[in-house]
Amino acid sequence: MESLLLDILRCPQDAERVTLDGDHLECPNGHRYLIVDGIPVMLFDDKDATHAYIKKTLDKVARIENGEQVEIVVPIKENKADEIDEYVAGILPYTCGNMYFPAQRGISRYPFPELRMPDSPTGELFLDIGCNWGRWSIAAAKKGYRVVGIDPSLKAVQSARRIARQLNENCLFVVGDARCLPFTTNAFDTVFSFGVFQHFSKENTRIALDEIARVLKPNQSALVQMATSTGIRCRQNWRRRGYTEGEQFEVRYWSPSELMETWETKLGKTEMFADSYFSLCAHRSDADLMPFRFRLVVYSSDLLRRISQRFKPLIKVADGVYLRSINNARS
(Lines give C-alpha, C1' and ligand atoms only; values in the text may rest on other atoms or scores of the structure.)
Protein backbone atom coordinates (compact mmCIF):
# COMPACT_ATOMS: atom_id res chain seq x y z
CA MET A 1 0.00 0.00 0.00
CA GLU A 2 1.17 3.54 -0.77
CA SER A 3 2.86 5.17 2.22
CA LEU A 4 0.84 8.38 1.80
CA LEU A 5 -2.42 6.53 2.32
CA LEU A 6 -1.11 4.62 5.30
CA ASP A 7 -0.04 7.90 6.89
CA ILE A 8 -3.43 9.59 6.60
CA LEU A 9 -5.86 6.67 6.97
CA ARG A 10 -7.70 6.29 10.25
CA CYS A 11 -10.36 3.87 11.47
CA PRO A 12 -13.75 5.35 10.45
CA GLN A 13 -15.38 3.94 13.58
CA ASP A 14 -13.09 5.30 16.29
CA ALA A 15 -10.53 7.52 14.48
CA GLU A 16 -7.64 5.37 15.69
CA ARG A 17 -4.54 4.93 13.55
CA VAL A 18 -4.52 1.79 11.41
CA THR A 19 -1.61 -0.50 10.71
CA LEU A 20 -1.01 -2.94 7.92
CA ASP A 21 -1.62 -6.59 8.81
CA GLY A 22 -1.24 -8.73 5.70
CA ASP A 23 -4.20 -7.98 3.45
CA HIS A 24 -6.01 -6.01 6.16
CA LEU A 25 -5.77 -2.70 7.96
CA GLU A 26 -6.40 -2.94 11.69
CA CYS A 27 -6.88 -0.39 14.46
CA PRO A 28 -5.95 -0.93 18.16
CA ASN A 29 -9.62 -1.63 18.99
CA GLY A 30 -9.72 -4.61 16.65
CA HIS A 31 -11.62 -3.12 13.71
CA ARG A 32 -10.31 -4.72 10.54
CA TYR A 33 -10.67 -3.57 6.93
CA LEU A 34 -9.90 -5.74 3.95
CA ILE A 35 -7.61 -4.55 1.17
CA VAL A 36 -9.04 -5.70 -2.16
CA ASP A 37 -6.96 -5.45 -5.30
CA GLY A 38 -4.70 -3.01 -3.45
CA ILE A 39 -7.62 -0.78 -2.42
CA PRO A 40 -8.49 -0.34 1.29
CA VAL A 41 -12.20 -0.90 1.93
CA MET A 42 -12.87 1.37 4.92
CA LEU A 43 -16.59 0.65 5.29
CA PHE A 44 -18.54 -0.81 8.18
CA ASP A 45 -22.13 -1.96 8.50
CA ASP A 46 -24.53 0.95 8.86
CA LYS A 47 -28.28 0.46 8.62
CA ASP A 48 -28.75 4.03 7.36
CA ALA A 49 -26.68 3.54 4.21
CA THR A 50 -26.67 6.49 1.81
CA HIS A 51 -26.45 4.25 -1.28
CA ALA A 52 -26.95 0.63 -2.27
CA TYR A 53 -23.27 0.61 -3.23
CA ILE A 54 -22.38 0.31 0.45
CA LYS A 55 -24.31 -2.92 0.94
CA LYS A 56 -23.00 -4.37 -2.33
CA THR A 57 -19.42 -3.64 -1.37
CA LEU A 58 -19.85 -5.02 2.15
CA ASP A 59 -21.50 -8.17 0.77
CA LYS A 60 -18.58 -8.72 -1.60
CA VAL A 61 -16.07 -8.18 1.20
CA ALA A 62 -17.91 -10.68 3.42
CA ARG A 63 -17.83 -13.29 0.66
CA ILE A 64 -14.12 -12.77 0.13
CA GLU A 65 -13.50 -13.06 3.87
CA ASN A 66 -15.46 -16.35 3.85
CA GLY A 67 -13.18 -17.72 1.17
CA GLU A 68 -15.71 -17.65 -1.66
CA GLN A 69 -14.60 -17.22 -5.23
CA VAL A 70 -15.67 -13.66 -5.96
CA GLU A 71 -15.13 -11.93 -9.27
CA ILE A 72 -12.60 -9.20 -8.73
CA VAL A 73 -11.91 -6.89 -11.63
CA VAL A 74 -8.16 -6.77 -12.06
CA PRO A 75 -6.25 -3.84 -13.54
CA ILE A 76 -5.91 -3.82 -17.31
CA LYS A 77 -2.29 -4.72 -18.00
CA GLU A 78 -1.98 -3.25 -21.45
CA ASN A 79 -4.58 -0.65 -22.25
CA LYS A 80 -4.04 1.77 -25.09
CA ALA A 81 -4.55 5.44 -24.32
CA ASP A 82 -7.60 5.68 -26.60
CA GLU A 83 -9.43 2.64 -25.22
CA ILE A 84 -12.45 3.26 -23.00
CA ASP A 85 -12.82 1.28 -19.80
CA GLU A 86 -15.82 -1.05 -20.02
CA TYR A 87 -17.20 0.09 -16.66
CA VAL A 88 -17.28 3.73 -17.80
CA ALA A 89 -19.10 2.86 -21.02
CA GLY A 90 -21.90 1.31 -18.96
CA ILE A 91 -22.13 3.78 -16.11
CA LEU A 92 -21.57 6.99 -18.10
CA PRO A 93 -25.07 8.58 -18.05
CA TYR A 94 -25.59 7.59 -14.41
CA THR A 95 -22.49 9.52 -13.32
CA CYS A 96 -22.50 12.33 -15.89
CA GLY A 97 -26.20 12.93 -16.57
CA ASN A 98 -28.99 12.05 -18.98
CA MET A 99 -27.50 14.02 -21.86
CA TYR A 100 -24.76 11.38 -22.04
CA PHE A 101 -27.13 8.51 -22.85
CA PRO A 102 -26.58 8.81 -26.64
CA ALA A 103 -22.83 8.43 -26.10
CA GLN A 104 -23.11 5.60 -23.58
CA ARG A 105 -21.67 2.77 -25.66
CA GLY A 106 -20.00 4.71 -28.45
CA ILE A 107 -17.97 7.16 -26.40
CA SER A 108 -14.74 8.13 -28.14
CA ARG A 109 -12.87 9.56 -25.15
CA TYR A 110 -13.20 9.96 -21.42
CA PRO A 111 -15.32 13.00 -20.48
CA PHE A 112 -13.00 14.81 -18.08
CA PRO A 113 -14.72 18.11 -17.24
CA GLU A 114 -13.21 21.48 -16.46
CA LEU A 115 -12.28 21.67 -12.79
CA ARG A 116 -13.00 25.26 -11.76
CA MET A 117 -9.97 25.47 -9.51
CA PRO A 118 -6.49 26.89 -10.11
CA ASP A 119 -3.54 24.68 -10.99
CA SER A 120 -1.49 23.32 -8.10
CA PRO A 121 2.23 23.56 -8.90
CA THR A 122 3.09 22.54 -5.32
CA GLY A 123 0.99 19.35 -5.40
CA GLU A 124 -1.64 20.16 -2.80
CA LEU A 125 -3.39 17.13 -1.31
CA PHE A 126 -6.87 16.94 -2.84
CA LEU A 127 -9.81 14.83 -1.63
CA ASP A 128 -12.51 13.92 -4.17
CA ILE A 129 -15.61 12.71 -2.29
CA GLY A 130 -17.86 10.43 -4.35
CA CYS A 131 -15.24 9.91 -7.05
CA ASN A 132 -16.92 6.91 -8.76
CA TRP A 133 -14.84 6.13 -11.89
CA GLY A 134 -12.52 9.04 -11.21
CA ARG A 135 -13.44 11.72 -13.74
CA TRP A 136 -12.95 14.60 -11.29
CA SER A 137 -10.01 12.93 -9.58
CA ILE A 138 -8.15 12.67 -12.86
CA ALA A 139 -9.19 16.21 -13.84
CA ALA A 140 -7.59 17.40 -10.59
CA ALA A 141 -4.45 15.30 -11.14
CA LYS A 142 -4.04 16.94 -14.56
CA LYS A 143 -3.89 20.28 -12.74
CA GLY A 144 -1.07 19.10 -10.50
CA TYR A 145 -2.92 18.04 -7.36
CA ARG A 146 -2.02 14.91 -5.41
CA VAL A 147 -5.40 13.22 -5.43
CA VAL A 148 -7.18 10.84 -3.09
CA GLY A 149 -10.58 9.70 -4.35
CA ILE A 150 -13.16 8.04 -2.12
CA ASP A 151 -16.39 6.25 -3.03
CA PRO A 152 -18.54 3.50 -1.45
CA SER A 153 -18.48 1.38 -4.63
CA LEU A 154 -15.55 -1.02 -4.84
CA LYS A 155 -16.31 -1.68 -8.51
CA ALA A 156 -16.24 2.03 -9.33
CA VAL A 157 -13.02 2.64 -7.43
CA GLN A 158 -11.33 -0.27 -9.19
CA SER A 159 -12.30 1.34 -12.48
CA ALA A 160 -10.97 4.71 -11.32
CA ARG A 161 -7.61 3.20 -10.46
CA ARG A 162 -7.41 1.38 -13.80
CA ILE A 163 -8.12 4.57 -15.74
CA ALA A 164 -5.65 6.64 -13.71
CA ARG A 165 -2.96 4.07 -14.43
CA GLN A 166 -3.94 3.90 -18.08
CA LEU A 167 -3.46 7.68 -18.37
CA ASN A 168 -0.36 7.79 -16.15
CA GLU A 169 -2.04 9.99 -13.56
CA ASN A 170 -0.98 9.55 -9.95
CA CYS A 171 -4.23 9.12 -8.03
CA LEU A 172 -4.93 7.07 -4.90
CA PHE A 173 -8.32 5.59 -4.12
CA VAL A 174 -10.19 4.40 -1.03
CA VAL A 175 -13.59 2.79 -0.54
CA GLY A 176 -15.43 4.65 2.18
CA ASP A 177 -18.41 6.68 3.39
CA ALA A 178 -18.56 10.49 3.28
CA ARG A 179 -20.28 10.57 6.68
CA CYS A 180 -17.29 8.97 8.42
CA LEU A 181 -14.26 9.81 6.35
CA PRO A 182 -11.39 7.41 7.17
CA PHE A 183 -8.73 10.12 7.31
CA THR A 184 -6.81 11.95 9.98
CA THR A 185 -7.83 15.43 11.05
CA ASN A 186 -6.41 18.29 8.92
CA ALA A 187 -5.15 15.87 6.27
CA PHE A 188 -6.14 17.72 3.09
CA ASP A 189 -5.34 21.04 1.46
CA THR A 190 -8.60 21.05 -0.49
CA VAL A 191 -11.81 19.00 -0.60
CA PHE A 192 -14.05 18.63 -3.63
CA SER A 193 -17.35 16.92 -4.35
CA PHE A 194 -19.60 17.06 -7.41
CA GLY A 195 -23.19 15.84 -7.61
CA VAL A 196 -22.96 13.69 -4.47
CA PHE A 197 -24.50 15.40 -1.45
CA GLN A 198 -27.62 16.37 -3.38
CA HIS A 199 -28.50 12.66 -3.18
CA PHE A 200 -28.04 12.56 0.60
CA SER A 201 -30.76 13.39 3.10
CA LYS A 202 -30.19 16.88 4.45
CA GLU A 203 -29.25 15.41 7.81
CA ASN A 204 -26.60 13.19 6.22
CA THR A 205 -25.31 16.12 4.19
CA ARG A 206 -24.76 18.09 7.38
CA ILE A 207 -22.92 15.14 8.90
CA ALA A 208 -20.71 14.92 5.80
CA LEU A 209 -19.97 18.65 6.00
CA ASP A 210 -18.79 18.19 9.58
CA GLU A 211 -16.43 15.52 8.30
CA ILE A 212 -15.15 17.81 5.56
CA ALA A 213 -14.45 20.48 8.19
CA ARG A 214 -12.52 17.90 10.22
CA VAL A 215 -10.26 16.50 7.48
CA LEU A 216 -9.66 19.85 5.73
CA LYS A 217 -6.84 22.02 7.02
CA PRO A 218 -7.89 25.31 8.67
CA ASN A 219 -8.34 28.23 6.29
CA GLN A 220 -8.21 25.95 3.26
CA SER A 221 -11.03 25.65 0.74
CA ALA A 222 -13.77 23.15 -0.04
CA LEU A 223 -15.68 23.21 -3.33
CA VAL A 224 -19.02 21.37 -3.46
CA GLN A 225 -21.59 21.25 -6.27
CA MET A 226 -25.28 21.08 -5.34
CA ALA A 227 -28.75 21.21 -6.90
CA THR A 228 -31.10 24.09 -6.07
CA SER A 229 -34.85 24.26 -5.55
CA THR A 230 -35.04 27.46 -7.61
CA GLY A 231 -33.28 26.21 -10.73
CA ILE A 232 -35.22 26.31 -14.00
CA ARG A 233 -35.06 22.56 -14.62
CA CYS A 234 -34.82 21.49 -10.96
CA ARG A 235 -38.03 23.32 -10.12
CA GLN A 236 -39.87 21.41 -12.85
CA ASN A 237 -38.52 18.07 -11.65
CA TRP A 238 -39.32 18.86 -8.03
CA ARG A 239 -42.88 19.91 -8.90
CA ARG A 240 -43.33 16.71 -10.93
CA ARG A 241 -42.32 14.79 -7.80
CA GLY A 242 -44.92 16.63 -5.74
CA TYR A 243 -42.38 18.77 -3.84
CA THR A 244 -41.51 15.79 -1.65
CA GLU A 245 -38.25 15.72 0.29
CA GLY A 246 -36.91 12.73 -1.63
CA GLU A 247 -36.07 9.16 -0.71
CA GLN A 248 -33.06 6.89 -1.11
CA PHE A 249 -30.91 8.30 -3.95
CA GLU A 250 -33.40 10.89 -5.22
CA VAL A 251 -32.15 14.46 -5.54
CA ARG A 252 -32.83 16.74 -2.58
CA TYR A 253 -33.49 20.34 -3.56
CA TRP A 254 -32.04 23.09 -1.35
CA SER A 255 -32.92 26.76 -1.62
CA PRO A 256 -29.90 29.04 -2.22
CA SER A 257 -30.38 30.67 1.19
CA GLU A 258 -30.56 27.26 2.89
CA LEU A 259 -27.35 26.19 1.17
CA MET A 260 -25.52 29.34 2.19
CA GLU A 261 -26.70 29.19 5.80
CA THR A 262 -25.77 25.50 6.14
CA TRP A 263 -22.36 25.79 4.51
CA GLU A 264 -21.39 28.89 6.47
CA THR A 265 -22.49 27.26 9.72
CA LYS A 266 -20.62 24.03 9.05
CA LEU A 267 -17.50 25.32 7.31
CA GLY A 268 -17.17 29.08 7.28
CA LYS A 269 -17.23 31.98 4.84
CA THR A 270 -18.87 30.73 1.63
CA GLU A 271 -19.50 32.08 -1.84
CA MET A 272 -21.98 30.59 -4.30
CA PHE A 273 -21.62 30.69 -8.05
CA ALA A 274 -23.48 29.12 -10.96
CA ASP A 275 -22.31 25.87 -12.51
CA SER A 276 -25.04 24.90 -14.97
CA TYR A 277 -28.52 25.75 -16.26
CA PHE A 278 -31.23 23.42 -17.66
CA SER A 279 -29.23 20.46 -16.31
CA LEU A 280 -27.03 19.53 -13.37
CA CYS A 281 -24.18 18.44 -15.63
CA ALA A 282 -24.01 20.78 -18.63
CA HIS A 283 -20.28 20.77 -19.32
CA ARG A 284 -19.09 22.67 -22.37
CA SER A 285 -15.94 20.52 -22.46
CA ASP A 286 -18.14 17.49 -23.31
CA ALA A 287 -20.31 19.10 -26.01
CA ASP A 288 -18.57 17.17 -28.79
CA LEU A 289 -19.80 13.89 -27.25
CA MET A 290 -23.47 14.91 -27.50
CA PRO A 291 -26.03 15.18 -30.31
CA PHE A 292 -26.81 18.67 -31.60
CA ARG A 293 -29.96 19.18 -29.50
CA PHE A 294 -27.98 18.66 -26.29
CA ARG A 295 -25.14 20.85 -27.47
CA LEU A 296 -27.62 23.72 -27.60
CA VAL A 297 -28.42 23.09 -23.94
CA VAL A 298 -24.74 23.03 -23.03
CA TYR A 299 -23.87 26.21 -24.94
CA SER A 300 -26.90 28.03 -23.54
CA SER A 301 -25.98 26.96 -20.03
CA ASP A 302 -22.41 28.14 -20.45
CA LEU A 303 -23.59 31.52 -21.76
CA LEU A 304 -25.88 32.02 -18.77
CA ARG A 305 -23.11 30.94 -16.41
CA ARG A 306 -20.81 33.59 -17.85
CA ILE A 307 -23.50 36.26 -17.62
CA SER A 308 -24.17 35.29 -13.99
CA GLN A 309 -20.58 36.21 -13.11
CA ARG A 310 -21.55 39.85 -13.70
CA PHE A 311 -25.30 39.72 -13.07
CA LYS A 312 -25.43 37.92 -9.71
CA PRO A 313 -29.25 37.53 -9.41
CA LEU A 314 -29.09 35.06 -12.30
CA ILE A 315 -27.39 32.59 -9.94
CA LYS A 316 -30.75 32.06 -8.20
CA VAL A 317 -32.19 30.24 -11.23
CA ALA A 318 -29.13 28.06 -11.85
CA ASP A 319 -29.86 24.34 -11.51
CA GLY A 320 -26.36 23.41 -10.37
CA VAL A 321 -24.34 25.71 -8.13
CA TYR A 322 -20.92 25.55 -6.54
CA LEU A 323 -20.28 26.50 -2.94
CA ARG A 324 -16.70 27.48 -2.19
CA SER A 325 -16.01 27.64 1.54
CA ILE A 326 -12.98 28.62 3.58
CA ASN A 327 -12.71 26.23 6.49
CA ASN A 328 -12.67 28.03 9.81
CA ALA A 329 -14.98 25.63 11.63
CA ARG A 330 -12.08 24.33 13.73
CA SER A 331 -10.10 27.57 14.05
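Numbers at a glance
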read-out	value
Which numbered condition S325 misses (of (1) out of contact with any Pro (no Cβ under 7 Å at 6 or more places or on another chain); (2) under 21 Å from D128 (Cβ atoms); (3) modelled with pLDDT under 95)	(3)
Top-ranked residue of the stretch 219-232 - restricted to ones that are over 17 Å from E261 (Cβ atoms) and in contact with a strand residue (DSSP E or B) (Cβ under 9 Å, 6 or more places away or on another chain), ranked as surrounded by the most Cβ atoms within 10 Å (Cβ to Cβ)	G231
Selection from the stretch 283-302 of residues that are under 16 Å from R116 (Cβ atoms) and not polar (S, T, N, Q)	H283, R284, D286, V298, D302
Contacts under 9 angstrom Cβ, first residue in the stretch 146-174 being among the hydroxyl-bearing types (S, T, Y), partner assigned to a strand (DSSP E or B) and surrounded by 20 or more Cβ atoms within 10 Å (Cβ to Cβ), 6 or more apart	S153/V175
S257 being without any contact (Cβ under 8 Å) to a residue 24 or more places away in the chain and small (G, A, S)	yes
Test set (1) touching a strand residue (DSSP E or B) at 6+ places or on another chain (Cβ under 7 Å); (2) surrounded by fewer than 20 Cβ atoms within 10 Å (Cβ to Cβ); (3) farther than 18 Å from Q225 by Cβ; (4) not hydroxyl-bearing (S, T, Y) - M117 fails condition number	(3)
The stretch 3-23, subset under 21 Å from the mean Cα position of the chain (by Cα) and over 21 Å from V61 (Cα atoms), residue modelled with the highest pLDDT	I8
Candidate set from the stretch 255-280 (those that are of a type in the set (D, E, K, R) and either touching a Gly at 6+ places or on another chain (Cβ under 7 Å) or in a loop (DSSP other than H, G, I, E, B) (or both)); member that is nearest to V191 (Cα to Cα)	K269
Among the candidates A139, A156, residue that is within 15 Å of H283 (Cβ to Cβ), small (G, A, S) and at pLDDT 95 or above	A139
Selection count, the stretch 285-311, where residues are in contact with a Pro (Cβ under 9 Å, 6 or more places away or on another chain) and in a helix (DSSP H, G or I)	4
Selection within the stretch 94-138 - part of a helix (DSSP H, G or I) and under 15 Å from the mean Cα position of the chain (by Cα)	Y94, T95, C96, R135, W136, S137, I138
Single match in G144, G149, G123 (criterion: at positive phi and in contact with an Asp or Glu (Cβ under 8 Å, 6 or more places away or on another chain))	G144
Every pair of residues 6+ apart whose Cβ atoms lie under 9 Å, when the first sits in the stretch 9-22 and is within 19 Å of G149 (Cα to Cα) while the second is small (G, A, S) and crowded, with 21+ Cβ neighbours inside 10 Å	P12/G176
Filter result (charged (D, E, K, R) and at pLDDT 95 or above) within the stretch 24-46	E26, R32
Single residue of the stretch 31-45 satisfying the filter (over 16 Å from A15 (Cα atoms) and assigned to a strand (DSSP E or B)) that is nearest to the chain's Cα centre (by Cα)	I39
Checklist (1) more than 22 Å from the chain's Cα centre (by Cα); (2) crowded, with 22+ Cβ neighbours inside 10 Å; (3) among the hydrophobic types (A, V, I, L, M, F, W, C) applied to W254, failing item	(1)
Members of the stretch 234-251 that are among the polar types (S, T, N, Q) and within 22 Å of the chain's Cα centre (by Cα)	Q248
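The values are calculated or read from the model by the stated rules, or taken from the named source; none is laboratory data. Source: prediction; values computed, not measured. FYI the Cβ positions are ideal-geometry reconstructions off the backbone, even for glycines, and counts take in every protein chain you see.
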